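Written below as structure tokens is the structure these notes are about.
The values are calculated or read from the model by the stated rules, or taken from the named source; none is laboratory data. Owing to the predicted nature of the structure, the values given are computational and were not obtained by experimental measurement. Glycine also receives a Cβ, built like all others from the backbone with ideal geometry; neighbour counts cover every protein chain displayed. What goes into the accessible areas is simple: the full protein's heavy atoms, side chains included, and nothing from ligands, DNA or RNA. Shrake-Rupley method; radii C 1.70, N 1.55, O 1.52, S 1.80 Å.
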Amino acid sequence: MKKLATFILALAMAAMCAVPAMAEGPDSSAPPASSGTAASSGTTITQATTSQSGETKVKFDIGAAYMVTIPSEVALVKNDKNKTVTYESDLPLKASNVRLEKGKELHIKISDAKGYKLTAGGAELAYTIDGKTPGTKDVVATFETKAPEQTKNLHIKAADPEFAGNYSGTLTFAIEVVAKTTT
């Protein structure tokens with residue numbers, strides 16, 4: 001008797017597994033969208049519909065993105081190769097994973113350079129960037145949509161100071177996305 005009951009239960013379980021999944025809800029409505037899926041109502045096609053085709057618009061939005069790395073400090077190094085002593089170094093501006101809209105580029109400007117002066121106590125020492133003192137509207141680096149990394153080196157140079165001291169100054173940079181310039 002136990003064998004017969006076990007056989008009947010196994011047969012009932014096998015029959016339950018063979019039932020197909022329904023594509024409609026119990027009230028003939030569309031099943032609910034799965035979680036995390038953005039779906040809107042679209043075209044419903046049945047066997048009685050004249051046109052047996054439908055369309056789906058596929059879309060997504062991705063915003064502009066970039067990461068700019070500006071060193072927190074750069075140390076000028078003594079250079080006496082040309083018999084004239086100067087203190088120089090490159091300041092690397094790096095942009096990575098730049099993704100902008102078509103026709104746009106990333107501009108970096110120096111928004112404040114404190115008069116391009118390094119100070120030590122009461123002594124002042126002028127310096128240049130790439131041989132000049134850029135104004136606040138001058139672009140010192142331009143980056144385009146590109147991955148993984150782009151670098152623009154700004155060459156900082158100061159004359160040999162008259163007085164000893166620990167010279168320092170601050171550069172403040174501004175970053176903006178603008179329409180690409182053509183030259």
*Based on the inverse mean of 1/r over its pairs of different Cα atoms, what is the Kirkwood hydrodynamic radius of segment 115-183, in Å?*
14.6 Å
_Peptides ranked, highest mean first, by Cβ atoms within 10 Å: ranges 103-115, 157-169_ = 103-115, 157-169
_Where segment 47-135 is the region considered: accessible area per residue in Å², 1.4 Å probe_ = 71 Å²
*Summed residue charge, Cβ within 10 Å of ALA141's Cβ, Lys/Arg positive, Asp/Glu negative*: +3
*Amide H contacts of THR145 (H built 1.01 Å from N, under 5 Å, at least 5 apart or other chain)*: LEU100
*With the full set of protein chains in place, find how many percent of the accessible area of segment 45-157 is carbon and sulfur; take the probe as 1.4 Å.*
48 percent
*Inter-part distance where segment 91-114 and segment 144-163 are each reduced to a Cα centre, Å*: 13 Å
*Expressed in nm to one decimal, what extension gain is obtained for the pair THR86 and SER53 from 0.36 nm per residue of sequence separation less their Cα-Cα distance?*
4.3 nm
*Taking H as built 1.01 Å from N, whose amide H comes closer than 5 Å to the amide H of LEU93, not counting residues under 5 places away?*
LYS152, ASN153, LEU154
_Explain nothing, just compute: Karplus ³J(HN,Hα) = 6.51 cos²θ - 1.76 cosθ + 1.60, θ = phi - 60°, for every residue of segment 79-90 in order, whole Hz, x for Gly and Pro._
10, 10, 5, 9, 6, 10, 7, 9, 10, 9, 5, 8
